[in-house]
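In what follows, a single structure is set out as structure tokens and then discussed.
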Amino acid sequence: MTSLAYAAVWVFVFIVPWENIILISGIGTIGRLMGMIAVGFAVMAALMSGRVRRPQPFHVAAALFVIWAGFGVFRTVDEGRAIGKFGTYFQLFVVLWMIWELAPSFRHQRGLLLAYVLGAYVAAINTIM
């Protein structure tokens, strides 16, 4: 299950550079849809394996930042914009967790970097076309 979850994260990272090219009505971008699928697979892999990697100080700092941003929603004049920012920060934290869980080795991390570069080629070709 972990390899299937890694594959879903790989496809998600591949889609990130060109996510705005394809829009899906009712959901948004293709990146959002693939992100939801990748999170589902990552959670299932963590539950089925029965283990979660120990967080590092960076993860604690990121979680505290997301919580701080959440409290900032109550102190702002433009509440809608603050809620949107909090949602974005939370999504980034979830991506951080997925990559931490599913790419423990340098080989896996390099694979995700390759996915992003290949996705950037898709965006570049689309720009040229």
message: At 0.36 nm per residue, and after removing the present C-alpha to C-alpha distance, how many nm does the segment from residue 20 to residue 124 gain when stretched out fully?
response: 36.2 nm
message: Using Cα springs under 10 Å in a Gaussian network model of the chain, which residue among 29, 88, 76 shows the largest mean-square fluctuation?
response: 76
- request: Describe numerically, in nm with one decimal, the distance between label points set 7 Å from Cα along Cα→Cβ at residue 90 and at residue 58.
  value: 2.4
- request: For 121, 6, 89, write out the residues from largest to smallest accessible area, computed with a 1.4 angstrom probe and no ligands counted.
  value: 121, 89, 6
field: Longest segment of the chain lacking trypsin sites (Lys or Arg not before Pro) that sit in a DSSP loop with at most 15 other Cβ atoms within 10 Å
entry: 54-129
query: What does the helix-only formula give at 222 nm for the chain: each DSSP H stretch with n ≥ 4 adding -39500 (n - 2.57), the total divided by the residues, and the result rounded to the nearest 500 deg cm²/dmol?
result: -26000 deg cm²/dmol
- request: Please list the helices of the chain that count as membrane-span-like by this rule: a mean Kyte-Doolittle hydropathy of at least -0.5 together with Cα atoms stretching 24 Å or more along the helix axis, each helix being a complete DSSP H run.
  value: 30-49, 79-102, 106-128
query: Using only Cα atoms, what is the ratio of the radius of gyration of the chain to 2.2 N^0.38 Å?
result: 1.16
message: Net charge around residue 42, counting only other residues with Cβ within less than 15 Å of its Cβ (Lys, Arg = +1; Asp, Glu = -1)?
response: +1
statement: Out of 97, 18, 68, a Gaussian network model of the chain with alpha-carbon springs under 10 Å gives the largest mean-square fluctuation to 68
query: If you roll a 1.4 Å probe over segment 1-122 with all protein chains in place, what percent of the accessible area is carbon or sulfur?
result: 71
- request: Compute the FRET efficiency between residue 105 and residue 36 as 1/(1 + (r/R0)^6), taking r as their Cβ-Cβ distance and R0 = 25 Å, and round to the nearest 0.05.
  value: 0.45
- prompt: Classify segment 29-77: rounded, prolate or oblate, from the alpha-carbon gyration tensor (a ≥ b ≥ c, eigenvalue square roots; a/c under 1.5 rounded; otherwise prolate if a/b is larger than b/c)?
  reply: oblate
query: Using heavy-atom solvent-accessible surface (probe 1.4 Å) with all chains present, what is the largest-first order of 108, 59?
result: 108, 59
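The values are calculated or read from the model by the stated rules, or taken from the named source; none is laboratory data. Small disclaimer: the values here were computed from a predicted structure and weren't measured. Don't worry about glycine lacking a Cβ; one is built from the backbone with ideal geometry, like all the others, and counts go over all protein chains shown. Only protein heavy atoms, including side chains, enter the accessible area calculation; ligands, DNA and RNA are left aside. Shrake-Rupley method; radii C 1.70, N 1.55, O 1.52, S 1.80 Å.
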